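A quick write-up on the structure given underneath.
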Amino acid sequence: MDQAGALRTPLPAARSAPPAAPQAPTVAPKPPVKRRDAFFDNAKYLAIVLVAMGHAWEPLRGDSRAAAALYITVYTFHMPAFIVISGYFSRSFDASPGRLKRLVTGIAVPYVIFEVAYTFFKRYADDDPTYPISLLDPWYLTWFLIALFIWRLTTPLWKLVRWPLPLSLAIAVLASVSPDIGDDLDLQRVLQFLPFFVLGLCLKPEHFQIVRRREARLIALPVFATVLLFAYWAAPRMNAAWFYRRDSAQELAAPGWTGGVMTLAMFGCSVVLVACFFAWVPGRKLWFTALGAGTLYGYLLHGFLAKGSRFWDWYDIDWLHTPLGEITVTLAAATVITALCTPPVQRLFRFAMEPDMEWAFKKDAKALARGRGTHRR
């Protein structure tokens, strides 16, 4: 029988198939979870530890040249490192509704909350009951929040211009010679630290791979040693206020032209030390890696202790001004800031640092449009 005949031959009746087993409901695959980079979490944690140590060393500088040298060295790169990382992770900011919401809830609202909290703390702890609440004049640590808010809002502009880093440096130089900028929103700091944020925007992953090579780690050691020796020499001769970047040259009793020179020189020194710092940041997951997600908590909360130690005269204890006391202060600062970055502290203060606030925003316009389209079909 040929093939055509075979196709025409009737087939025997098939047995009735048993009822199909009910199928499990189809579950849509979950979107992949974005993994955090251990290198950046490690860098943020180590940088915030240095911030706390720097604040702890400040009252010791007058009695210890070594503390003053460490203070100058750390202040050269610890906030620039933070700002470079902030700029690097702001590259995707495009002023979309979701990112603007995050900017408000994660930066603007914590700024208002902690500015008010710090004001009441100063009224109580410093016995200054009339100290005013001023959202235009950031007090102590809150300047970083308002600066980050402004920098991130300007991100689309820096991604548009042809030479963003030279332009930001020119703005920083002009700010350093402009004594009339005033204290509103700490604009001197916003403008003088701006190049580090723009540098972070310009960086790519391969740039971080370069500084993490073995050769870079080896070079970082003599560079840091040289800087420490220079800082030890410069400590009694140099005004440390230059490192705060909150004043113009004229306000520091220096000729105006020195503002531009110092801005460019300190930017170069800071970039070199930031690169050396990144060179020695571990890239693997360690016991403190998870704490990198809570560095902003530690930053804002440790300010109450840092200022309280001055208000309550903790440094009047003579023993603290001995070498052993200075080491104890350093270890205490590292321990406290580490505790303030832990998950339990994050959960306790998340209402202030990362409020949900869905009630404050309109629903996403695109989602509403999709809903209307489905209803019409």
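The values are calculated or read from the model by the stated rules, or taken from the named source; none is laboratory data. What you are looking at is a predicted structure, and each value in this text was computed from that prediction instead of being measured. Note that we place each Cβ from the backbone using ideal geometry, even for glycine, and neighbour counts take in every protein chain shown. The accessibility values were calculated without ligands, DNA or RNA, using every heavy atom of the protein model including side chains. Shrake-Rupley method; radii C 1.70, N 1.55, O 1.52, S 1.80 Å.
A few comments on the model shown:
- Probe 1.4 Å, protein heavy atoms only - accessible area per residue of the chain in square angstrom: 57 Å²
- Here the Gaussian network model covers the chain, with springs between Cα atoms less than 10 Å apart; of Gln209, Gln192, Gln250, Gln209 fluctuates the most.
- Between Leu221 and Leu135, the modelled labels are 5.2 nm apart [label points 7 Å from Cα along Cα→Cβ].
- The helix-only estimate of mean residue ellipticity at 222 nm for the chain, built from DSSP H runs of length n ≥ 4 each weighted as -39500 (n - 2.57), is -19500 deg cm²/dmol after division by the residue total.
- Relative contact order for the stretch 163-238: 26 percent, from Cα pairs under 8 Å spaced at least 6 residues apart, divided by residue count.
- Ser96/Ile327 FRET efficiency (R0 56 Å; Cβ-Cβ; nearest 0.05): 0.70
- Cβ-defined net charge surrounding Gly292, 12 Å radius [Lys, Arg +1; Asp, Glu -1]: +1
- Cut-off 20 Å, label 7 Å out along Cα→Cβ of Arg35, residues of the stretch 196-211 by amide N: 205-210
- Across every pair of non-identical alpha carbons in the stretch 235-377, the mean reciprocal distance, once inverted, gives a Kirkwood radius of 20.6 Å.
- Folded to 0 to 90 degrees: helix 365-376 orientation relative to the chain principal axis, Cα: 20 degrees
- Built from the Cα atoms of the chain, the convex hull projects on average onto 33.5 nm², one quarter of its surface area.
- Estimated dipole of the stretch 137-218 in Debye, rounded to 20 [Cβ of Lys and Arg +1, of Asp and Glu -1, Cα centre]: 740 debye
- Between helix 65-88 and the chain there is an angle of about 30 degrees, using the helix long axis and the longest principal axis of the Cα atoms.
- Cys269, Cys341, ranked by accessible area, largest first (probe 1.4 Å): Cys269, Cys341
- Positive-pole candidate from Ser309, Tyr140, Asn239, dipole of the chain, charges at beta carbon: Tyr140
- Of the listed residues Ile113, Ile107, the order by accessible area with a 1.4 Å probe, largest first, is Ile113, Ile107.
- Helix axis angle, 323-340 relative to the chain longest principal axis, alpha carbon, degrees: 30 degrees
- Only Cα pairs under 8 Å and 6+ residues apart enter the sum, and on that basis the relative contact order of the chain stands at 28 percent.
- When Tyr124, Tyr71, Tyr315 are compared by accessible area of protein heavy atoms, the largest-first order is Tyr124, Tyr315, Tyr71, using a 1.4 Å probe.
- Taking the protein heavy atoms of the stretch 119-162 in the context of the full set of protein chains, the accessible area attributed to carbon and sulfur is 62 percent at 1.4 Å.
- Charged-residue dipole, Cβ positions (Lys, Arg, Asp, Glu), the stretch 148-294 about Cα centre, Debye nearest 20: 860 debye
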